[in-house]
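First comes the structure, then the notes that go with it.
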Amino acid sequence: MKVALAQIRIEAGDVEGNVQRAERAVASAAAAGADLVALPEVFNVGYFAFDLYHRRAEPLGGETLTRMADAAAEHGVGVLAGSIVEDLGETERAPTPADEGLANTAVLFDRSGERRLVYRKHHLFGYESAENELLVPGERVPTAEFDGHTVAVTTCYDLRFPELYRAFAEDVTLALVPSAWPYPRVEHWQTLSRARAVENQFYVATINGSGRFDDAELLGRSTVYDPWGTPLSSSDDDAALVTAEVDAETVAAVREEFPALRDRRR
């Protein structure tokens, strides 16, 4: 399976422009032969535009996710809508962690535009960030089958909590991590992502954005790591499309050759 990480330029509050860039990235990735296209965290509003979260929040059936579902169906590719700010009170016919409030919500669509997975960010960033005050944490870590892979999604700050990944390690072959990781923490971004791949022996694909906000700049460097922790493809901090082949059989082979997961003591 060919996965494409759409490291788009994100401008604070420019929802229409950001969604259009996401749509173009999906089209470009599909034209390049991608099977699955992943977008960054809060790609429509911009993660650091905290003052716009309430005004720009949408339900699961809102315009941004509808357009991403349409893009998946139009181009016949899977799309991870890397996350939006979800209005939990307006979401209908879907389980939510609270009856009201906001969540940082990623949605995976299949090739027909059907919703296959909804993940709400578990670990909310409290370090000089308004996220912890504004959002409701997620409670579920669902997985989905796509093109022979069992896929899980986590979001950005989740990378710092290895126990979250351990919970699904034995079943998953590909973890997608939409993010809005800023400078200067480049070493954290690369080290934590690689560690999650090495210790769990699956592919980890980290999808970051590109762009500058009032008090932060996204560092880009979207990367696909294989189950040995080797980077297969990566970018710098400019807008880019990062592609790599990921093979579920490789995950099985690595775990057979080096069966660390079988040696765990609980």
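The values are calculated or read from the model by the stated rules, or taken from the named source; none is laboratory data. Source: prediction; values computed, not measured. So basically every Cβ, Gly included, is an ideal-geometry build from the backbone, and we count neighbours across all protein chains shown. When the accessible area is computed, the model is the full protein with side chains, heavy atoms only, and any ligands, DNA or RNA have been set aside. Shrake-Rupley method; radii C 1.70, N 1.55, O 1.52, S 1.80 Å.
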Next on the checklist: Consider segment 227-263. How many of its residues are modelled with pLDDT of 95 or more and touching a helix residue (DSSP H, G or I) at 6+ places or on another chain (Cβ under 7 Å)?
Outcome noted: 5
Checklist entry - Quick check: anything in segment 217-226 free of Cβ contacts under 8 Å to residues at least 12 places away in the same chain, of a type in the set (Lys, Arg) and within 30 Å of Phe50 (Cα to Cα)? => result no
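Out of curiosity, is Glu199 among the charged types (D, E, K, R), outside any strand (DSSP E or B) and at pLDDT below 95? Full working, then the answer.
Values: among the charged types (D, E, K, R): yes; outside any strand (DSSP E or B): yes; at pLDDT below 95: no.
Against the criterion (among the charged types (D, E, K, R), outside any strand (DSSP E or B) and at pLDDT below 95), Glu199 does not qualify.
Considering only segment 19-70, state which residues are assigned to a helix (DSSP H, G or I) and of a type in the set (A, V, I, L, M). Working first, answer last.
Of segment 19-70, the ones assigned to a helix (DSSP H, G or I) are 19-31, 50-56, 63-70.
Listed by number, the residues that qualify are Val19, Ala22, Ala25, Val26, Ala27, Ala29, Ala30, Ala31, Leu52, Leu65, Met68, Ala69.
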Item to check | segment 180-204, residues that are open to solvent by less than 20 Å² (accessible area, probe 1.4 Å), touching a Leu at 6+ places or on another chain (Cβ under 9 Å) and under 16 Å from Leu164 (Cα atoms) | outcome: Ser193, Arg196, Asn200, Gln201, Phe202, Tyr203, Val204
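Looking only at segment 112-123, count every residue that is more than 9 Å from Thr155 (Cβ to Cβ), touching a residue at least 40 places away in the same chain (Cβ under 8 Å) and open to solvent by 30 Å² or more (accessible area, probe 1.4 Å) and tell me the total.
Going through segment 112-123, the residues more than 9 Å from Thr155 (Cβ to Cβ) turn out to be 112-118.
From what is left, the residues that are touching a residue at least 40 places away in the same chain (Cβ under 8 Å) are 112-115, 118.
Then drop every residue that is not open to solvent by 30 Å² or more (accessible area, probe 1.4 Å), which leaves 112, 114-115.
Here the count works out to 3.
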Next on the checklist: If I filter segment 44-58 for residues that are open to solvent by 40 Å² or more (accessible area, probe 1.4 Å), of a type in the set (D, E, K, R), out of contact with any strand residue (DSSP E or B) (no Cβ under 7 Å at 6 or more places or on another chain) and closer than 15 Å to Glu86 by Cβ, do I get at least one hit?
Outcome noted: yes
Checklist entry - Say we look at segment 224-251 and pick out the residues that are open to solvent by 60 Å² or more (accessible area, probe 1.4 Å) and of a type in the set (Gly, Ala, Ser); which of these is farthest from Gln201 (Cα to Cα)? => result Ala239
Item to check | Residues of segment 1-18 satisfying the condition of being of a type outside the set (A, V, I, L, M, F, W, C) and part of a strand (DSSP E or B) | outcome: Lys2, Gln7, Arg9
Next on the checklist: Against the conditions (1) loosely packed, with under 15 Cβ neighbours inside 10 Å; (2) modelled with pLDDT of 95 or more; (3) in a loop (DSSP other than H, G, I, E, B), where does Pro95 fall short? Just the number, please.
Outcome noted: (2)
